[in-house]
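Single-structure report; data block below.
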Amino acid sequence: MTLRADIGRYYYENSTDYGRFFSDSYVKSGDRLTGEEFLNRFVNKGVEALVCGNEIVYIINIHDEKIVLHNVWIKQGKGEKVDAFINGIHKELQTQFRLSQDIEKVIGNISVENEKIVAISIKPDIIQGKVLLSGDDFIEIEGYGRIPLEDNYKIYKIYGELSMERTNSILVGYDTTDFVVSGGKISAALIRESIKAENIRVLIHTTGFKSIYHEKVELGATSDYIVKVGDTETSYTSAETLTLTPQDKMLSAGRVIIEPISEEGKIKLLSIERSMGVPRYRGRIEIAQSDKGLIIVNELPLEEYLYAVIPSEMPTYYGLEPLKVQAVCARSYAYRHLIANSLSGYGAHVDDSVSYQVYNNIEENEDSILAVKDTYGKVVEYEGDVITTYYFSTSCGHTTSVEHVWANGTATPYLSGRLLSVENDSEDVLSGQIKNSLYSDLVKEDNFRSFILDQSYDTYDSEYNWYRWYVTVDIDDIKSNLDKKLAARYQANPELIKTLVSGNAKDNDAVYESLPVETIGEIVDIFVGTRGIGGIVYELIIQGTEKTIKIQTEYNIRVFLSPSNATVYRQDESGVDNLSLLPSAFFFIDHNMRSGKLESISITGGGYGHGVGMSQNGAKSLSDAGKKYEEIIKYFYKGTEIGFIYE
């Protein structure tokens, strides 16, 4: 049964066990109470309890003295009754004395003694403004700066069905929330309307996407522009530049906001380089101080953000139909992260790197703008909800499922792997059916190896260079890579790197545990432990003279088998050097021995990227085959429909 208090929800499992901790005045020895009888003893009372997480271990005492319910949403108070919303439940309370005036839809502290209200302290002061940053203990509001949160800070959604919200529900970049303030602190946030996702806030990296913290920011604009700091505005011409460092006095007054005067104007970040050269940004630029350097946020309309995502993620010469696919997928992906408030601690929703979607690395152009406008507001939905539309560059001919890529991924119908086979009328029908059946199950090692080596089997990615690749990596390089990165990757997620504690690594009875590890000694063997859907390597075993480890998830595997000192050859025999990650985790391994010792491994694989969702090159091939963007989206995201976010 669940107990709700003004400080949260708690549960207990065995009322008899808890009852024995009470004196006879509360619970007689030997009572066998039902859950409801047990609960009724404590309704509207203050209790002192020991808890473990959200579980009540036992209740020590019941307090008869006055208790205060902080920052309660009072729906209505009239006469001797008060209807309140306390931690997610509607509650009617009696007052000790008649209320001096009627109250309605306010935040207040309610004092209760002997199960009756003895005092109500209303908090009438409300401020409004755009939320610029949502921290752990403060909220930054445009025009007010950073305001600390009260210890008993609450968030209420007051439109539609009344509810309490989690702590990261205050969406940055929007002014849909009223803030109740008292004593210089925010007591409660009242979300008064649903979000219309029109603007997005993007965290901007330094050159090379190395860091989000900038040592210096130098900027200008293509038109005259305004610089705002607090209530002060200063005009600059397009010929003037502005340079800021973390020590600049201008920043001591708060966040610096730069906006072009002309609607067509763009801000130039002169201290950053991208593939295009000096990047230019639509919307406005905000610069804020942090302990590690300056943080830059670009706020602009979601649709205009997509103008510069599409060319950064897909070549615009692919044609309009694939660009429309990319536009719908990019909009869906951005919308999900916007609503999730993913980077609210930095005052942003997404960043401009591969961690989210690459933004403004390559400048917008007519084709990318047209693709966005032709799909205005359209998103991918599954059962009425906008989905996270994962995509990647090139498949090996088969995509995989989300649970085989990310540690926290759960099986999802629209992100399940599929064979991307091309219907070929000239191919022998029986032979094609046999191969389709064989290659639909690439979890089996022999099937996967045959699939990768089969040059006659056509898929929608077959013509692209990264469709097939191979590389030979020296064992010494792998050991060096392991020794450098093993401890850090273990710290990042200890459950993804486990050490053999009993049994043989190649037997089913092998037992692995998550244990700190820095080295495994000399490498004796490397082999695939487990494959997921599509043949992706989900578990890799590396056997050493000191320890044997099991590495999980495609990212970790690609990190540790990095061909940084080797040349990766693609299917046209062109070589690519200095890759920090293996192109994909769709591969098999051959061992190269010398004098009985493992000298190197040859890795043969296919595809580029994580392999979940849509292959961008596969989408191009489907477009070339005459498919429209809606059909292509439904091909890669099974069971989905096209929705609209601006209704």
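The values are calculated or read from the model by the stated rules, or taken from the named source; none is laboratory data. Not measured: the values here are computed from a predicted model. Positions of Cβ are generated from backbone atoms using ideal geometry, with glycine treated the same way; all protein chains shown enter the neighbour counts.
When you check ALA189 against the structure, is it within 30 Å of VAL106 (Cβ to Cβ) and buried (at least 21 other Cβ atoms within 10 Å of the Cβ), yes or no?
On the way: within 30 Å of VAL106 (Cβ to Cβ): yes; buried (at least 21 other Cβ atoms within 10 Å of the Cβ): yes.
Yes: the conditions hold for ALA189.
Please verify whether region 340-352 includes one or more residues that are of a type outside the set (A, V, I, L, M) and without any contact (Cβ under 8 Å) to a residue 60 or more places away in the chain.
Keep residues of region 340-352 that are of a type outside the set (A, V, I, L, M), which gives 341-342, 344-347, 349, 351-352.
Still in the list and also without any contact (Cβ under 8 Å) to a residue 60 or more places away in the chain: 342.
Scanning region 340-352, I find at least one residue that is of a type outside the set (A, V, I, L, M) and without any contact (Cβ under 8 Å) to a residue 60 or more places away in the chain, so the answer is yes.
Hey, could you check region 432-445 for residues that are polar (S, T, N, Q) and either modelled with pLDDT of 90 or more or assigned to a helix (DSSP H, G or I) (or both) and say which is farthest from ASP590 (Cα to Cα)?
So the first thing to find is which residues in region 432-445 are polar (S, T, N, Q), and the list is 433, 436-437, 440.
Narrowing the set further to residues that are either modelled with pLDDT of 90 or more or assigned to a helix (DSSP H, G or I) (or both) leaves 433, 436-437.
Details: GLN433: 29, ASN436: 25, SER437: 26 Å.
For region 432-445, the residue satisfying everything is GLN433.
Can GLY639 be described as over 26 Å from ARG449 (Cβ atoms), exposed (fewer than 14 other Cβ atoms within 10 Å of the Cβ) and in contact (Cβ under 8 Å) with a residue 40 or more places away in the chain? So that I can check it myself, show each step before the final result.
Details: over 26 Å from ARG449 (Cβ atoms): yes; exposed (fewer than 14 other Cβ atoms within 10 Å of the Cβ): yes; in contact (Cβ under 8 Å) with a residue 40 or more places away in the chain: yes.
Yes: the conditions hold for GLY639.
Does region 401-415 include one or more residues that are touching a residue at least 12 places away in the same chain (Cβ under 8 Å), surrounded by fewer than 21 Cβ atoms within 10 Å (Cβ to Cβ) and farther than 26 Å from TYR555 by Cβ?
no
Output the qualifying pairs, or none if there are none: Cβ atoms under 7 angstrom, residues six or more apart or on different chains, first residue in region 215-232 and under 18 Å from ILE141 (Cβ atoms), second residue surrounded by fewer than 14 Cβ atoms within 10 Å (Cβ to Cβ).
From residues that are under 18 Å from ILE141 (Cβ atoms), the pairs are VAL229/ALA253; GLY230/ALA253.
Tell me which residues, restricted to region 213-239, are among the charged types (D, E, K, R) and farther than 20 Å from GLY283 by Cβ.
GLU215, LYS216, ASP231 - these are the residues of region 213-239 that are among the charged types (D, E, K, R) and farther than 20 Å from GLY283 by Cβ.
Read through the list (1) over 20 Å from the mean Cα position of the chain (by Cα); (2) buried (at least 21 other Cβ atoms within 10 Å of the Cβ); (3) among the β-branched types (Val, Ile, Thr), then give the number of the only condition that ILE212 fails.
In the conditions (1) over 20 Å from the mean Cα position of the chain (by Cα); (2) buried (at least 21 other Cβ atoms within 10 Å of the Cβ); (3) among the β-branched types (Val, Ile, Thr), ILE212 misses (1) alone.
Inside region 332-348, can you point out the residues that are more than 21 Å from GLU286 (Cβ to Cβ) and in contact with a Ser or Thr (Cβ under 7 Å, 6 or more places away or on another chain)?
Hits for region 332-348 are SER332, TYR333, ARG336.
For region 507-529, does any single residue satisfy the condition of being within 20 Å of THR400 (Cβ to Cβ) and not hydrophobic (A, V, I, L, M, F, W, C)?
Residues of region 507-529 within 20 Å of THR400 (Cβ to Cβ): 527-529.
Add one more test, that the residue is not hydrophobic (A, V, I, L, M, F, W, C), and what stays is 529.
Yes: one or more hits.
Among the residues of region 131-180, write down those that are among the hydroxyl-bearing types (Ser, Thr, Tyr), assigned to a strand (DSSP E or B) and either free of Cβ contacts under 8 Å to residues at least 60 places away in the same chain or under 18 Å from GLY88 (Cβ atoms) (or both).
The first filter runs over region 131-180 and keeps only residues among the hydroxyl-bearing types (Ser, Thr, Tyr), leaving 134, 144, 153, 156, 159, 163, 167, 169, 174, 176-177.
The next check asks that each one be assigned to a strand (DSSP E or B); those that pass are 134, 153, 156, 163, 177.
Those that are among the hydroxyl-bearing types (Ser, Thr, Tyr), assigned to a strand (DSSP E or B) and either free of Cβ contacts under 8 Å to residues at least 60 places away in the same chain or under 18 Å from GLY88 (Cβ atoms) (or both): TYR153, TYR156, SER163, THR177.
Those residues that are loosely packed, with under 11 Cβ neighbours inside 10 Å and more than 31 Å from the chain's Cα centre (by Cα), I need them from region 576-593; list them, please.
MET593
Can you give me the ranges of the strands (runs of 3 or more DSSP E) entirely in region 198-269 with at least 2 residues that are in contact with a Leu (Cβ under 7 Å, 6 or more places away or on another chain)? Please lay out each step first, then the result.
Details: elements: 199-204, 217-221, 225-229, 232-236, 242-244, 256-260, 267-269.
In region 198-269, 199-204, 217-221, 242-244, 256-260, 267-269 are the strands (runs of 3 or more DSSP E) which contain 2 or more residues that are in contact with a Leu (Cβ under 7 Å, 6 or more places away or on another chain).
Taking into account only those residues within region 535-567 that are more than 26 Å from the chain's Cα centre (by Cα) and of a type in the set (Val, Ile, Thr), which is nearest to GLY605 (Cα to Cα)?
Result: THR567.
Can you pull out every residue in region 364-392 that is assigned to a loop (DSSP other than H, G, I, E, B), touching a strand residue (DSSP E or B) at 6+ places or on another chain (Cβ under 7 Å) and surrounded by fewer than 20 Cβ atoms within 10 Å (Cβ to Cβ)? I'd like the intermediate steps shown before the answer.
Step one: of region 364-392, the residues assigned to a loop (DSSP other than H, G, I, E, B) are 364-365, 375-377, 383-384, 387-390.
When the remaining residues are screened for being touching a strand residue (DSSP E or B) at 6+ places or on another chain (Cβ under 7 Å), the result is 377, 387, 389-390.
Hit for region 364-392 is GLY377, nothing else.
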